[in-house]
1. Which value does Rg/Rh take for segment 180-338 over its C-alpha atoms, Rh per Kirkwood?
2. So what are segment 1-139's ellipsoid semi-axes, whole angstrom, largest first, if each one is the square root of 5 times an eigenvalue of the alpha-carbon gyration tensor?
3. Picking from Pro194, Leu257, Asn60, whose Cα lies most toward the positive end of the charge dipole for the chain (charges on Cβ: Lys, Arg +1; Asp, Glu -1)?
4. How much length, in nm to one decimal, is gained on full extension between Gln184 and Asp208, taken as 0.36 nm per residue of separation minus their Cα-Cα distance?
5. When the gyration tensor of segment 102-239 is built from Cα positions, what are the square roots of 5 times its three eigenvalues, in whole Å, from largest to smallest?
6. Rolling a 1.4 angstrom probe over the protein heavy atoms, how many square angstrom per residue are accessible across the chain?
7. Please list, in order, the residues from segment 251-286 whose amide nitrogen is less than 18 Å from a point placed 7 Å along the Cα→Cβ vector of Val306.
8. Give me D for segment 253-292 in µm² s⁻¹, whole number, from Stokes-Einstein with Rh from the Kirkwood sum over alpha-carbon pairs, 25 °C and 0.890 mPa s.
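The values are calculated or read from the model by the stated rules, or taken from the named source; none is laboratory data. On a predicted model such as this, the values are computed, not experimentally measured, just so you know. Counting neighbours? That spans all protein chains shown, and the Cβs are built from the backbone with ideal geometry, glycine included. The protein model used for the area step is the full one, side chains on, heavy atoms only, and it has no ligands, DNA or RNA in it. Shrake-Rupley method; radii C 1.70, N 1.55, O 1.52, S 1.80 Å.
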Amino acid sequence: MHVLHVVGARPNFMKAAPVLRALRSHSSVQQTLVHTGQHYDAAMSEVFFQQLGMPEPDCNLGIGSGSHAQQTAAVMQAFESVVCARHPDMVLVYGDVNSTLAAALVCSKMGVPIAHVEAGLRSCDRGMPEEINRLLTDQLCDLLFTPSADGDQNLAREGIPANKVHCVGNVMIDSLVALFPHAQELFPKDFLSPYALVTLHRPSNVDDLPWLSDLLRTLSELSTKLNIIFPVHPRTRQRLQDLGFATNRGESRLRLLDPLPYLEFIALQSRAALVITDSGGIQEEATFLGVPCLTVRENTERPITVTLGTNQLVGRDLGKLRSAAEKIAASPVSSESSRLPDPNRIPLWDGKASERIAEILVRVFASR
Ligand code: UD1
């Protein structure tokens, strides 16, 4: 069986890495890795390949940035030639980025079976480009691997036959389980504590400049109570520059950093008093690590992080963000220097989701 994996953006890499590894132990499987080049900075891509132990991509489509239509269309055009040349038996797509949908569209029209890793997540907010990508990708797929039971329920509601859906658990947690001990070794021992770790990159937060400015003011106020570490996504850095916000704050209590490599980020996250984010994956990692998480969004496609985990949605209420952050900062748990990840917190978030995916793929292929 020839499996072709498509990755494009930072959150894809920690999901694909364990699946590539799990499939390597099946001798009947040949693998090809395609990078669309949606993310291209070394700090957003190359360093993740190195730290996650991923092979060099067999080809890089070099798509880069653009509007949603430009990016999706460019991936489609370039990827179609790759599928024609390489004849995969199955294409694996990951998560909800534009590269995910583009590859799924190409394969569905070429009659190539597609499997979606991290299927079934729904924020029910069609204002998010990722929600459109999730809805459409799932409709096109032949196999859907969900991280939790809410994903299965969402897919059933959308009429997707149950025999295509497999609840396997969370592959991103597989990477976290595998690399957590290594990440801990990297933690800078003299790091200022306690601190909040902040990431913001969603268009709804960073492209709305008056709102971004209010958010930054709230973070500045919070930094009088605890240190704030803010690794800044390239999109966000551009917007901060548009606002005239000084980004060279390496030494202040609100520290802006360049995007961090995977291991350094996991290390910082595991020792944070709290995480403030608008990322999907970080809500899950914080839940697994037992770190309180405040999500600056009105909704989440990962509701299990709220019901079983440490996540609270603060939406667009800056008073709520400030009071929740101050409460967490003042609570005893924030003084813990390190927490241990809990493999029993969420069913199937146990570091073995990729092995389950590999076994299902091999079994399904053998039965054809
Ligand atoms: C994309 C995903 C989002 C994911 C995020 C993680 C979509 C619709 N969005 O958003 O779901 O959470 O990745 O980062 O696919 N840029 C660089 N260097 C890079 C990459 C981007 O400078 O390596 C800049 C470019 O100016 C670009 C902007 O960041 O225009 C946004 O990049 P893009 O890939 O369009 O979307 P993200 O916001 O990163």
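1. Working: Rg = 14.5 Å, Rh = 15.6 Å.
Rg/Rh for segment 180-338 comes to 0.93.
2. Values: eigenvalues 87, 61, 48 Å².
Square roots of five times the eigenvalues give 21, 17, 15 Å.
3. About the Cα centre, the residue reaching furthest to the positive side is Pro194.
4. Working: separation 24, 0.36 × 24 = 8.64 nm, distance 3.60 nm.
Working it through step by step, the gained length comes to 5.0 nm.
5. Working: eigenvalues 259, 92, 38 Å².
Each semi-axis is the square root of five times an eigenvalue, giving 36, 21, 14 Å.
6. 40 Å²
7. 275-286
8. On the way: Rh = 10.7 Å.
Calculated translational D: 228 µm²/s.
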